[in-house]
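Shown next, in structure tokens, is the structure this report addresses.
The values are calculated or read from the model by the stated rules, or taken from the named source; none is laboratory data. Quantities reported herein were computed from a predicted structural model and do not represent experimental measurements. No Cβ is skipped: glycine too gets one built from the backbone with ideal geometry, and neighbour counts run over all protein chains shown. Areas reflect the complete protein model, heavy atoms only, side chains present, ligands, DNA and RNA absent. Shrake-Rupley method; radii C 1.70, N 1.55, O 1.52, S 1.80 Å.
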Amino acid sequence: MAKIIDGKKIRDYNLALMKDEVAELNSQGIYPCLAVIIVGSDPASRVYVNNKKAACENIGIISREYALPEETSTDELLSLIDELNADEAVSGILCQLPVPKQIDSDAVLERISPDKDVDCFHPENVGRLSIGNGAMLPCTPHGVMKMLEYEGIDPAGMHCVIIGRSNIVGKPMAMLMTAANATVTLCHSKTKNLSEMTRNADILIASVGKPKFVTADMVSEGTIVIDVGMDRDENGKLCGDVDYVNVEPKASYITPVPGGVGPMTITMLMRNTITAAKEQKKIKK
Ligand code: NAP
């Protein structure tokens, strides 16, 4: 039977530490502030933005919301980002994705100043991550590393197999695992003999976007299984990329969905906002 890695507990632990850190920064006259831009009225985006604002309020980070109409043009959005880049009271800027189709999202993400890029999507921050000297870290993969750290799992020397090579999860996950001295295999839809790869994993990370994709026959006894997926099963119920019921008995550790990796993503967004505020005032950890 696997030990369940409880994302909510680890989130609460990390947020409590950050709350103290923000109070300490406030006492030095530093007020971390996250500017969140939302364009249009997509209901899922509204939920994500509200959750981010609530997390800020919970730990004393100032949150500012900029809600723009559906018909906003790329130029209008870029000029708001220019204003926020120049605003010394703003530590971090986030543009909730997806944006309406008339907006050039790459241009938007590249316009956010790298030192305020709390999602770590700017090419400069991605480059820094790849050479191992970035202050900003990608939120979901960083959340996974924090979960392992909390459980006392050191990936050094382990074989980490990642399924999925997205820019948001798979690729940066591979970079963080490499930096942590794991030996990494990055799999994708063209990978041959996927099950052979996954059965060789000490740590298996699934970020595929397909419900219950990782089945028990793909997992060896004792594997640490991290499920990044947020999918819907045949009944519309939230589930992960891992067939949890059948994989859990073989795993040594496993993250559930919901309540696993999900809560860590916003937590690491808070981390980046505090880091940005400190870097802008040149305070080291
Ligand atoms: P994505 O951009 O759609 O990437 C999916 C990856 O899976 C691609 O690299 C794809 O390979 C690979 N893949 C698809 N079918 C495969 C197969 N049959 N065998 C092997 N690899 C296969 O997805 P994403 O953004 O990484 O998201 C993945 C999941 O994580 C989704 O459920 C998403 O909702 C969830 N997610 C959760 C969080 C969180 O906070 N918990 C954050 C981000 C994402 P190719 O590159 O070859 O197409």
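Overview of results
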| read-out | value |
| --- | --- |
| For the chain, diffusion coefficient by Stokes-Einstein and Kirkwood Rh (Cα), 37 °C, 0.692 mPa s, µm²/s | 167 |
| Equivalent ellipsoid dimensions for segment 82-176 as semi-axes, Å, which come from the Cα gyration tensor, largest first | 28, 16, 12 |
| For the chain, size of Cβ-based charge dipole, Lys and Arg +1, Asp and Glu -1, in debye | 600 |
| Length added when fully stretched, Asn167-Glu221, from 0.36 nm per residue minus Cα-Cα | 16.4 nm |
| Net charge dipole size for segment 160-280 [Lys, Arg +1 and Asp, Glu -1 on Cβ; Debye, nearest 20] | 400 |
| Listed residues Ile203, Met270, Pro256: farthest to the positive end of the dipole of segment 203-284 (Cβ charges) | Met270 |
| Segment 209-255 - convex hull of the alpha-carbon atoms, volume per residue in Å³ | 62 |
| Cα gyration tensor of segment 8-142 - equivalent ellipsoid semi-axes, whole Å, descending | 25, 18, 15 |
| Span from the segment 1-34 Cα centroid across to the segment 82-157 one, whole angstrom | 18 |
| Cα centre as origin, Lys/Arg/Asp/Glu Cβ charges: segment 1-147 dipole, Debye | 900 |
| Linear extension gain, Glu24 paired with Thr74, 0.36 nm per residue minus alpha-carbon span | 14.2 nm |
| For segment 145-285, alpha-carbon Rg relative to the globular expectation (2.2 N^0.38 Å, N residues) | 1.09 |
| Alpha-carbon Rg/Rh ratio, for segment 130-222, with Rh computed the Kirkwood way | 0.95 |
| Filtered GluC sites (Glu not before Pro), segment 59-116: DSSP coil and at most 13 other beta carbons within 10 Å | Glu70, Glu71, Glu88 |
| Protein accessible area in the chain, 1.4 Å probe - carbon and sulfur % | 52 |
| Full-extension gain in nm, Arg199 to Asp154, via 0.36 nm per residue minus C-alpha separation | 14.2 nm |
| Pair Arg232, Asn85: separation of 7 Å Cα→Cβ label points (nm) | 3.8 |
| Cα-based radius of gyration of segment 152-197 once divided by 2.2 N^0.38 Å, which approximates compact folds | 1.14 |
| Accessible surface, the chain, averaged per residue in Å² (probe 1.4 Å) | 47 |
